[in-house]
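Written below as structure tokens is the structure these notes are about.
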Amino acid sequence: MKMSLTIAPSTQFSSGKAGSKLLKQKAGEFLQCTRSTNVLLELIAYQKECLARGAPLTPSLLTLEHLFTELLRRDEMRTTVAAPSRTAGVPLENGNSSHLSHKQWLLVQYKESFGVILASFNHEKPADACQALSTAMKLLVAEAQNPVELPSAPSEQQQQFPVGRLKQILSSMLSSERLNTHLFNRFLEYSHYLDVIYFCWKLIPSLVPRDCVPNDVFTQNLLLLIGAVSFGKDALKETNNVLCVPLAGPFDYVFVRRQINKTWNFVVNWPHGEAAHQQLLLVLLEKVLPHLEKPVLLTDFLMDSLDVGGAISMLALQGIFVLIQQYNLTYPNIYEKLYSMFEPEIFHTKFKARLFYLADIFLSSSHLPEGLVAAFVKRLARLALIAPPQDVVIIMRFIGNLILRHPALKSLIFHPAGGEASSDPFVTEERDPMKSKALLSSLWEVAALQNHVLPSVAMAARFISNPFPSVEWDLSSVLEINENDIFDNEIAKKTKQYALCIDRPAGMFGYCGGEISSQYWKLF
């Protein structure tokens with residue numbers, strides 16, 4: 001007969017230091033006599049109650065972590081592998097403990113507590129959810145060092161890793177209801193170990209749904225997991241970098257690479273929302289691309305992404321650039337696509353610096369047609385009129401570098417028939433840069449910016465009035481500046497100016513330098 005578990009009242013363990021102290025005392029009491037089963041049941045019930053009420057979980061999590069880590073160290077839950085019992089997972093009272101040995105009863109409570117810890121991943125407070133993840137990983141390490149279940153046959157070294165526990169942890173983080181960015185950021189503390197990387201990739205393909213298309217929340221969580229456990233080739237050189245147990249032999253990169261490609265083939269074919277699509281490209285470019293067996297197969301996906309617009313197009317452009325540079329991909333209209341990306345919206349995206357960096361690489365060749373480069377120069381100059389101050393500085397440096405690479409473009413500075421703002425032959429709406437008539441125009445926009453209210457912006461625009469340097473400006477030094485940097489620099493300059501009084505004052509309301517002002521002061 002199943003016995004109902006009486007939940008301890010919330011007043012038994014108060015919050016704060018007093019409650020934490022009482023929890024530690026209860027845990028110590030149980031560790032002194034593990035036959036005091038009611039104490040363990042009270043601690044587990046309190047953890048469940050805190051989770052149900054949305055109360056702070058950290059004190060109870062730390063208590064369970066300490067308690068079960070000590071039990072694992074003592075081997076008090078170690079059993080041999082046997083057929084699963086019908087009562088597995090059912091909390092037992094003292095009266096029913098005769099049906100199972102005390103070790104088996106402790107093991108049942110451990111498995112139930114581990115399930116409660118995994119459920120704590122969904123706590124509203126990120127700090128408590130991250131503490132639950134930390135507790136689960138520490139118990140995983142303790143279980144790897146002191147297995148709770150020993151197989152009848154001698155186990156291999158790799159089988160000592162608690163793969164089942166790791167699968168439970170990963171499955172709990174891959175939620176379909178909430179984005180667990182905080183959990184995956186915390187998981188980065190463990191995902192750089194080779195054994196964690198290996199067994200994560202051994203499990204990830206089995207966690208991917210095959211019979212249905214998951215929602216965007218699950219997709220983003222899966223992408224966060226892929227990004228967390230991805231690695232560079234240099235990480236494989238540290239053979240002793242393990243969390244639990246050493247691997248049996250060298251790291252099997254061929255197997256892991258096969259798992260990465262299998263997982264990626266599923267993910268890339270799912271329909272994606274804007275957020276998931278953007279995250280997919282980020283993970284692809286920063287983590288996954290070096291491990292793909294046939295990156296050229298991504299060409300269609302990247303070209304379709306290039307037509308989406310916004311940040312997605314910028315990221316897709318970087319992917320196409322990698323394929324062009326490393327895999328000899330041919331994209332006939334790449335410069336038209338790049339030209340169309342320079343819109344006012346780029347100044348409000350976090351990938352703005354990435355676009356300027358890629359454009360600088362694409363336009364680095366001195367063999368490009370002057371009409372093409374001139375179109376980019378004019379489009380950038382036109383954008384500078386409405387760009388934020390920090391972006392104007394970037395644009396000025398970029399235009400200056402393009403003119404240095406193509407000296408014939410100096411004609412744009414003082415073009416005799418280039419026109420002014422009201423009669424500029426440059427066709428802004430033209431999508432083909434070669435048809436924009438940029439060579440017939442002039443850089444009146446840069447000349448206008450020389451009167452900018454900010455001295456740093458005005459000085460950057462004066463490059464057309466000064467002799468050009470022999471080397472290009474360093475674009476990387478200004479790609480990451482923001483409005484706060486400009487503000488701080490201007491404030492720092494202002495602090496060097498001091499107010500001086502020419503006439504020494506004779507009193508608080510004395511002669512102030514003029515008869516009219518002195519009359520007003522005399523009113524006091």
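Filtering the stretch 421-445 to residues that are surrounded by 15 or more Cβ atoms within 10 Å (Cβ to Cβ) and touching a Phe, Trp or Tyr at 6+ places or on another chain (Cβ under 8 Å) leaves Asp424, Pro433, Ser436, Lys437, Ala438, Leu440, Ser441, Ser442.
Of all the criteria given as (1) part of a helix (DSSP H, G or I); (2) out of contact with any Cys (no Cβ under 9 Å at 6 or more places or on another chain); (3) closer than 15 Å to Leu170 by Cα, the one not satisfied by Asp234 is (3). One residue stands out in the stretch 447-481 among those that are β-branched (Val, Ile, Thr) and farther than 22 Å from Leu355 by Cβ: the one that is least open to solvent (accessible area, probe 1.4 Å), namely Ile464.
With the requirement that a residue be under 18 Å from Phe255 (Cα atoms) and open to solvent by less than 50 Å² (accessible area, probe 1.4 Å), what does the stretch 159-197 give you? Listed by number, the residues that qualify are Phe161, Val163, Ser191, Leu194, Asp195, Val196, Ile197.
Among the residues of the stretch 232-264, the ones that are open to solvent by 90 Å² or more (accessible area, probe 1.4 Å) and within 23 Å of the chain's Cα centre (by Cα) come to 2 in all.
Matching residues to (1) modelled with pLDDT under 90; (2) small (Gly, Ala, Ser); (3) touching a helix residue (DSSP H, G or I) at 6+ places or on another chain (Cβ under 6 Å):
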{"residue": "Gln220", "(1), (2), (3)": "no, no, yes"}
{"residue": "Gly232", "(1), (2), (3)": "yes, yes, no"}
{"residue": "Val256", "(1), (2), (3)": "no, no, yes"}
{"residue": "Glu274", "(1), (2), (3)": "no, no, no"}
{"residue": "Leu285", "(1), (2), (3)": "no, no, yes"}
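Ala408: of a type in the set (A, V, I, L, M), surrounded by fewer than 16 Cβ atoms within 10 Å (Cβ to Cβ) and not in a loop (DSSP other than H, G, I, E, B), yes or no? Here the answer is yes, as Ala408 does meet what is asked. Given the criteria open to solvent by less than 10 Å² (accessible area, probe 1.4 Å) and part of a helix (DSSP H, G or I), does Ala311 qualify? Against the criterion (open to solvent by less than 10 Å² (accessible area, probe 1.4 Å) and part of a helix (DSSP H, G or I)), Ala311 does not qualify. Is at least one residue of the stretch 450-463 at pLDDT below 90 and at positive phi? No, the stretch 450-463 contains no residue that is at pLDDT below 90 and at positive phi. The residue that is farthest from Pro433 (Cα to Cα), counting only those in the stretch 327-362 that are without any contact (Cβ under 8 Å) to a residue 60 or more places away in the chain and in contact with a Pro (Cβ under 8 Å, 6 or more places away or on another chain), is Tyr327.
When the criteria are applied in full, Gly309 meets the requirement of being of a type outside the set (D, E, K, R) and modelled with pLDDT under 85.
Just for the stretch 96-142: of the residues that are among the β-branched types (Val, Ile, Thr) and at pLDDT 90 or above, which one is surrounded by the fewest Cβ atoms within 10 Å (Cβ to Cβ)? Restricting to residues being among the β-branched types (Val, Ile, Thr) and at pLDDT 90 or above, the top hit is Val141. For Asn484, the criteria (1) modelled with pLDDT of 85 or more; (2) within 27 Å of Arg354 (Cβ to Cβ); (3) open to solvent by 30 Å² or more (accessible area, probe 1.4 Å) hold in every case but one, which is (1). Among residues of the stretch 25-43 being exposed (fewer than 15 other Cβ atoms within 10 Å of the Cβ) and among the charged types (D, E, K, R), the one that is nearest to Pro56 (Cα to Cα) is Glu29. Kindly indicate whether any position in the stretch 327-334 is modelled with pLDDT of 90 or more, surrounded by 14 or more Cβ atoms within 10 Å (Cβ to Cβ) and in a helix (DSSP H, G or I). No, the stretch 327-334 contains no residue that is modelled with pLDDT of 90 or more, surrounded by 14 or more Cβ atoms within 10 Å (Cβ to Cβ) and in a helix (DSSP H, G or I). Set side by side, the residues Ile361, Ile394, Ile386 differ, and just one is outside any loop (DSSP other than H, G, I, E, B), surrounded by fewer than 21 Cβ atoms within 10 Å (Cβ to Cβ), among the β-branched types (Val, Ile, Thr) and within 36 Å of the chain's Cα centre (by Cα), which is Ile361. Among the conditions (1) assigned to a helix (DSSP H, G or I); (2) at pLDDT below 95, the only one that Phe184 does not satisfy is (2). Looking at the stretch 297-319, can you tell me whether even one residue there is among the charged types (D, E, K, R), out of contact with any helix residue (DSSP H, G or I) (no Cβ under 6 Å at 6 or more places or on another chain) and farther than 26 Å from Phe376 by Cα? For the stretch 297-319, residues among the charged types (D, E, K, R), out of contact with any helix residue (DSSP H, G or I) (no Cβ under 6 Å at 6 or more places or on another chain) and farther than 26 Å from Phe376 by Cα: present. Exactly one residue out of Leu62, Leu92, Leu72 is at pLDDT 90 or above and among the aliphatic types (A, V, I, L, M): that is Leu62.
Against the conditions (1) over 17 Å from Lys378 (Cβ atoms); (2) of a type in the set (A, V, I, L, M); (3) outside any helix (DSSP H, G or I), Ile486 satisfies every one except (3). Apart from one condition, His272 fits all of (1) touching a residue at least 60 places away in the same chain (Cβ under 8 Å); (2) crowded, with 19+ Cβ neighbours inside 10 Å; (3) not in a helix (DSSP H, G or I); (4) not aromatic (Phe, Trp, Tyr); the exception is (1).
Hey, among the residues in the stretch 364-377 that are assigned to a loop (DSSP other than H, G, I, E, B), open to solvent by 60 Å² or more (accessible area, probe 1.4 Å) and in contact (Cβ under 8 Å) with a residue 12 or more places away in the chain, which one's nearest to Leu412 (Cα to Cα)? Step by step, filter the stretch 364-377, then rank; the result is Pro369.
The values are calculated or read from the model by the stated rules, or taken from the named source; none is laboratory data. The structure presented is a predicted model; accordingly, all values stated were derived computationally and were not measured. Neighbour counts run over all protein chains shown; Cβ positions are idealised from the backbone, glycine included. In case anyone asks, the SASA skips ligands and DNA or RNA and just uses the protein heavy atoms, side chains included. Shrake-Rupley method; radii C 1.70, N 1.55, O 1.52, S 1.80 Å.
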